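The values are calculated or read from the model by the stated rules, or taken from the named source; none is laboratory data. What you see is a predicted model; the values in this text were computed from it and never measured. Positions of Cβ are generated from backbone atoms using ideal geometry, with glycine treated the same way; all protein chains shown enter the neighbour counts.
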Amino acid sequence: MRSRLSHTLGTLGQEILLVVVILALFAVVGSVNARFLSQHNLTSIFVGNAYIAVAAIGMSLVIISGNIDVSIGALIGVLAVISGLLATNGYPIWLAWLAPLVLGALINTLVGCLIAYAKVPSIIATLAMLSILSGGLITFTGGRWISGLPAGYQLAQFRLLDVPSPVWFMIGMTILAALLMRYTAFGRSVYAVGSNAEAARASGISHAATVVKVFAIHGAIGGVAAVLFATQLQVIQSTVPVGLELVIITASVVGGVSILGGVGTVFGSTLAAILFAAIGSSLIFLNVSAYWLRAVQGVLILATVLADMARRRRTG
Amino acid sequence: MKRLMTALLGASLLTTPAAFAQSAWTGGDGQPTTPLACSGESPAPEPGEYNGGTPTNAPDRKGKDIKVVDIPKLVGVGYFASTSSGMAEAAKELGSVAVSTDGPTRANIDEQITFIDNYITSGVDGILYAANDPVAIAPVLKKALDAGINVVGYDADAQADARQWFVNQALPNGVAKAMMDQLAKEIGEEGSFAIVTSTFTTPNQARWISEMQAYTEKCHPKLKFLETVEAQEDNILSFNQAQTLINKYGDELKGILGMTSVATPAAAEAVQQNGLCGKVSVVGLALPNAMKPYINSDCIQSTILWNTVDLGYAAVEVMRQVADGTLKPGDKTVKAGRLGELPIVNQSQVLLGQPKIFTKADINDFDF
């Protein structure tokens, strides 16, 4: 009972902590240069990085289930190109938006089956998928960018109530995923499979089916991220964004998702993604080299994992 | 414990010095510079001693019909399609050169080597190449020289002794002059600008930034440099960085210099999405296709690159004269058809000229 309470406080604490750090960052950078807090800059911080927060939702599910996915960056790159090709080749725009979700789910269902049924460790299966997707993308596109996107395709540039659509996607999908994880049998089975696979099996939860479902959902969410990524500008870069998977994994982990599985929430990963975006912007406002962003991310991930392990030793 | 650590981290992050004085533009390489004259022709630098290779026992090709193969980094892309069209134009004008383009469908050095090897075996008079890797391509090019084949590079060079001549599309000081003159023309002599580059250590970009600083101090001393930000070669990151520059400097920012073909269109997009067309200029290196949406909508005025058609044209003109023996080590210029006299630079390179500024008037004539 006590461990469960401190456990709940532990994860909630991470979210509160992230909010405090984000607010502190805003306050300090804003006091150095008030323009940092302009509505314009806050909007750009959210909009330019919402796709990372969205992808981190799926990644959190995967990590909570006790797995990892290093192919998500490549998947987003491939799905963005497919979406762009559909749009520029005269297919309806709704299809160009929907296809990445479906294809992402299909591709990751395959990955999930490899992990769940063929017992390939997730790091290996997704590493293989990373090579296949990124190699295939370069061979297929020859590095050519996709331009000449039709009018109305730029979903990420739409606004509702003067708030850009990526922000709505980020908020909406975070809430949806949080509800799914908290109030459904599926959500509970993901935590169960990730925290203690044997016990989950004994209580009748299908480990394999849960993992496949998690990967399928993760793929579909990756598809949404890919559409947000593809529709932000008027050209789509046909190469895999360097290091994107690491940023997404880092957001999940710093958001409080335990790399050992079984613990974490999607609110945390979204907050962590926002924090990284804010740090990236503040580095420019403070005239600090962008290389520090990577260093800071590295330190944050190390600190979070060390703290997580220390807590496990203490409570477990 | 965790909270403490993260709090410490946050604190250490926030106490980073807010600003530090900068004498040199950030992102430059600090190497010596050779800024061009502010206006008019700059005296051509001494080419120096020839350091290219020589074909072994090449047959006398003077005035004879020659068969030339062009092996670019890859085929099927607009960039090399346009160099090919320039080659065909020169071949047609000369009448004595048969040139064909063949090569890998992806920029792969191993495949490129195989193509060159096959053409050495099948027998050609001349090989034109744009190397995927300067070192890895050298042995097969030397093999071509040993077989008596004339070898001329363009766009991307190999080690100098593995070929005879290289047609260089632009020198760093030429890029610098084109960029800064265009920027001053668009934002005025006293405007403030920031730079979006790939990384501070990328050799080409760092060289260009140093040359740009030297040329600006000499020719546009009142232009105000704000800062350089890094954006790797990442589209979305470039957009976010340009966006942040706009947010940070507000009305003070009059121009953004894009140092890569990724950063320039992304900066243009940021300007357009912020409704700052005409208020913030974007000047930079980019492929015309990527800039067409912004230039055709009058948001951005120009994009800077070399004329790829001219590059291919010059490569064939140089090849003809190398085969004829009329371009020899020690020459200071070479005649290149409609392009006139091109200077010899860097020991064994032919300089195409100054970079081309594409505007709404002609950008739609190019497809790459």
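How many of the residues in the range B:345-355 are over 17 Å from the mean Cα position of the chain (by Cα) and at pLDDT 90 or above? Please lay out each step first, then the result.
Taking the range B:345-355 and keeping what is over 17 Å from the mean Cα position of the chain (by Cα), we get B:347-348.
Those still in the list that are at pLDDT 90 or above too: B:348.
Within the range B:345-355, residues that are over 17 Å from the mean Cα position of the chain (by Cα) and at pLDDT 90 or above number 1.
Which condition breaks for B:Ser42 when tested against (1) within 14 Å of chain A (Cβ to nearest Cβ); (2) at pLDDT below 85?
Every condition holds for B:Ser42 apart from (1).
Residues being over 19 Å from A:Ile217 (Cα atoms) and either surrounded by fewer than 13 Cβ atoms within 10 Å (Cβ to Cβ) or of a type in the set (Gly, Ala, Ser) (or both): count how many of those fall in the range A:97-120.
Summing the residues that are over 19 Å from A:Ile217 (Cα atoms) and either surrounded by fewer than 13 Cβ atoms within 10 Å (Cβ to Cβ) or of a type in the set (Gly, Ala, Ser) (or both) in the range A:97-120 gives 2.
Report yes if B:Gly330 is over 25 Å from B:Ala91 (Cα atoms) and of a type outside the set (Asp, Glu), otherwise no.
yes
Kindly state which helices (runs of 4 or more DSSP H) lie completely within the range B:259-368 and contain at least 3 residues that are β-branched (Val, Ile, Thr) and outside the structural domain of B:Asn247 (by TED's automatic domain parsing). Let's see the steps before the verdict.
Values: elements: B:263-273, B:288-296, B:308-324.
Result: B:308-324.
Residues checked against (1) surrounded by 15 or more Cβ atoms within 10 Å (Cβ to Cβ); (2) outside the structural domain of B:Arg163 (by TED's automatic domain parsing); (3) within 22 Å of B:Val334 (Cβ to Cβ); (4) modelled with pLDDT of 90 or more:
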site: B:Asn57; (1), (2), (3), (4): no, yes, no, no
site: B:Pro72; (1), (2), (3), (4): yes, no, yes, yes
site: B:Tyr79; (1), (2), (3), (4): yes, no, no, no
site: B:Ser84; (1), (2), (3), (4): yes, no, yes, yes
site: B:Met87; (1), (2), (3), (4): yes, no, yes, yes
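Would you mind finding the one in A:Ile138, A:Ile123, A:Ile115 that is in a helix (DSSP H, G or I) and more than 21 Å from the chain's Cα centre (by Cα)?
Going through A:Ile138, A:Ile123, A:Ile115 in turn, the sole match is A:Ile138.
Could you tell me whether the range B:226-240 includes any residue that is part of a helix (DSSP H, G or I) and either away from chain A (no Cβ under 13 Å) or among the small types (Gly, Ala, Ser) (or both)? Steps first, please.
First, pick out the residues of the range B:226-240 that are part of a helix (DSSP H, G or I): B:235-240.
Pick out the ones that are also either away from chain A (no Cβ under 13 Å) or among the small types (Gly, Ala, Ser) (or both) and you get B:238.
Yes, the range B:226-240 contains a residue that is part of a helix (DSSP H, G or I) and either away from chain A (no Cβ under 13 Å) or among the small types (Gly, Ala, Ser) (or both).
Table: residues versus (1) more than 11 Å from every other protein chain (Cβ to nearest Cβ); (2) surrounded by 24 or more Cβ atoms within 10 Å (Cβ to Cβ); (3) in a helix (DSSP H, G or I).
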site	(1), (2), (3)
A:Phe26	no, no, yes
A:Ser31	no, no, yes
A:Phe36	no, yes, yes
A:Thr43	no, no, yes
A:Ala55	yes, yes, yes
A:Val62	yes, yes, yes
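Quick one: which of B:Gln273, B:Gln243 is facing chain A (nearest Cβ under 8 Å) and touching a Ser or Thr at 6+ places or on another chain (Cβ under 6 Å)?
Only one candidate qualifies: B:Gln243.
Residue-by-condition table, conditions (1) more than 10 Å from every other protein chain (Cβ to nearest Cβ); (2) part of a helix (DSSP H, G or I); (3) surrounded by fewer than 23 Cβ atoms within 10 Å (Cβ to Cβ):
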{"site": "A:Gly222", "(1), (2), (3)": "yes, yes, no"}
{"site": "A:Ala226", "(1), (2), (3)": "yes, yes, no"}
{"site": "A:Val242", "(1), (2), (3)": "no, no, yes"}
{"site": "A:Ser252", "(1), (2), (3)": "yes, yes, no"}
{"site": "A:Ile259", "(1), (2), (3)": "yes, no, yes"}
{"site": "A:Gly262", "(1), (2), (3)": "yes, no, yes"}
{"site": "A:Ala272", "(1), (2), (3)": "yes, yes, no"}
{"site": "A:Ser282", "(1), (2), (3)": "no, yes, no"}
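I'm trying to understand the selection: among the residues of the range B:264-278, which are out of contact with any Phe, Trp or Tyr (no Cβ under 9 Å at 6 or more places or on another chain) and in contact (Cβ under 8 Å) with a residue 12 or more places away in the chain?
B:Thr264, B:Asn274, B:Leu276, B:Gly278 - these are the residues of the range B:264-278 that are out of contact with any Phe, Trp or Tyr (no Cβ under 9 Å at 6 or more places or on another chain) and in contact (Cβ under 8 Å) with a residue 12 or more places away in the chain.
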